[in-house]
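Asks: This is the structure I want to talk about, given as structure tokens.
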Amino acid sequence: QLVESGGGLVQPGGSLRLSCATSGIIFSIYTMGWYRQAPGKQRELVATLTTASRTNYADSVKGRFTISRDNAKRTVYLQMNSLKPEDTAVYYCNSYHGENTYWGQGTQVTVSS
């Protein structure tokens with residue numbers, strides 16, 4: 001089970017930190033990621049973090065967002081800085097290992113003045 005938290009309404013230029021708490025999986029062997037889906041658009045990758053600490057970011061968030069994980073807490077984070085209105089979306093946590101893929105229920109992030 002993956003449960004996201006930390007979404008909300010923030011002004012442009014502001015920051016938010018999303019968290020994704022996991023249970024029922026061997027967290028340390030899973031690649032973790034964040035995806036987002038804006039209204040009328042397809043779900044897109046935001047960032048991923050492998051067990052070897054390799055990261056991958058969408059070009060649109062590079063330099064502004066940081067993904068991290070705490071294996072002891074079985075939690076993955078997404079620090080989002082310098083938020084823009086175009087970052088508004090439902091953000092989903094994802095975990096995968098081999099053929100096993102799991103999704104959270106999503107958390108809404110709205111960037112607006």
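Asks: Please enumerate the residues belonging to the stretch 41-68 that are modelled with pLDDT under 95 and open to solvent by 70 Å² or more (accessible area, probe 1.4 Å).
Replies: Thr51, Ser53
Asks: If you go through the stretch 71-84 one residue at a time, do you hit one that is touching a residue at least 40 places away in the same chain (Cβ under 8 Å), within 19 Å of Leu9 (Cβ to Cβ), among the small types (Gly, Ala, Ser) and in contact with a Gly (Cβ under 9 Å, 6 or more places away or on another chain)? Walk me through how you get there before you give the answer.
Replies: Step one: of the stretch 71-84, the residues touching a residue at least 40 places away in the same chain (Cβ under 8 Å) are 71, 73-84.
Applying the additional criterion that residues be within 19 Å of Leu9 (Cβ to Cβ) yields 78-84.
Applying the additional criterion that residues be among the small types (Gly, Ala, Ser) yields 82.
Then keep just the ones that are in contact with a Gly (Cβ under 9 Å, 6 or more places away or on another chain); that gives 82.
So far as the stretch 71-84 goes, yes, one or more of its residues are touching a residue at least 40 places away in the same chain (Cβ under 8 Å), within 19 Å of Leu9 (Cβ to Cβ), among the small types (Gly, Ala, Ser) and in contact with a Gly (Cβ under 9 Å, 6 or more places away or on another chain).
Asks: With the requirement that a residue be under 14 Å from the mean Cα position of the chain (by Cα) and open to solvent by less than 50 Å² (accessible area, probe 1.4 Å), what does the stretch 22-37 give you? Walk me through it before giving the result.
Replies: Of the residues in the stretch 22-37, the ones under 14 Å from the mean Cα position of the chain (by Cα) are 22, 31-37.
Of everything in the stretch 22-37, those that are under 14 Å from the mean Cα position of the chain (by Cα) and open to solvent by less than 50 Å² (accessible area, probe 1.4 Å) turn out to be Thr22, Thr31, Met32, Gly33, Trp34, Tyr35, Arg36.
Asks: Right, something else. Please list, ordered by residue number, the strands (runs of 3 or more DSSP E) wholly in the stretch 69-113 having 2 or more residues that are of a type in the set (Val, Ile, Thr) and open to solvent by less than 60 Å² (accessible area, probe 1.4 Å).
Replies: 75-80, 107-111
Asks: Checking Asp87 against (1) of a type in the set (D, E, K, R); (2) closer than 24 Å to Tyr30 by Cα; (3) modelled with pLDDT of 95 or more, only one condition comes out false. Which one?
Replies: (2)
Asks: Scan the stretch 10-21 residue by residue and report those that are open to solvent by less than 80 Å² (accessible area, probe 1.4 Å) and either part of a strand (DSSP E or B) or acidic (Asp, Glu) (or both).
Replies: Within the stretch 10-21, the subset open to solvent by less than 80 Å² (accessible area, probe 1.4 Å) is 10, 12-16, 18-21.
If the condition is that a residue be open to solvent by less than 80 Å² (accessible area, probe 1.4 Å) and either part of a strand (DSSP E or B) or acidic (Asp, Glu) (or both), then Val10, Leu16, Leu18, Ser19, Cys20, Ala21 are the ones that fit.
Asks: I've got another one for you. Does Gly7 count as touching a residue at least 40 places away in the same chain (Cβ under 8 Å) and either open to solvent by 20 Å² or more (accessible area, probe 1.4 Å) or more than 28 Å from Ser113 (Cα to Cα) (or both)?
Replies: Values: touching a residue at least 40 places away in the same chain (Cβ under 8 Å): yes; either open to solvent by 20 Å² or more (accessible area, probe 1.4 Å) or more than 28 Å from Ser113 (Cα to Cα) (or both): yes.
Judged against the criteria, Gly7 is a match.
The values are calculated or read from the model by the stated rules, or taken from the named source; none is laboratory data. These figures come from a predicted structure and were not determined experimentally. Cβ sites come from the backbone with ideal geometry, for glycine too, and all protein chains shown count toward neighbours. Quick note on the areas: whole protein, heavy atoms, side chains included, nothing else; ligands and nucleic acids left out. Shrake-Rupley method; radii C 1.70, N 1.55, O 1.52, S 1.80 Å.
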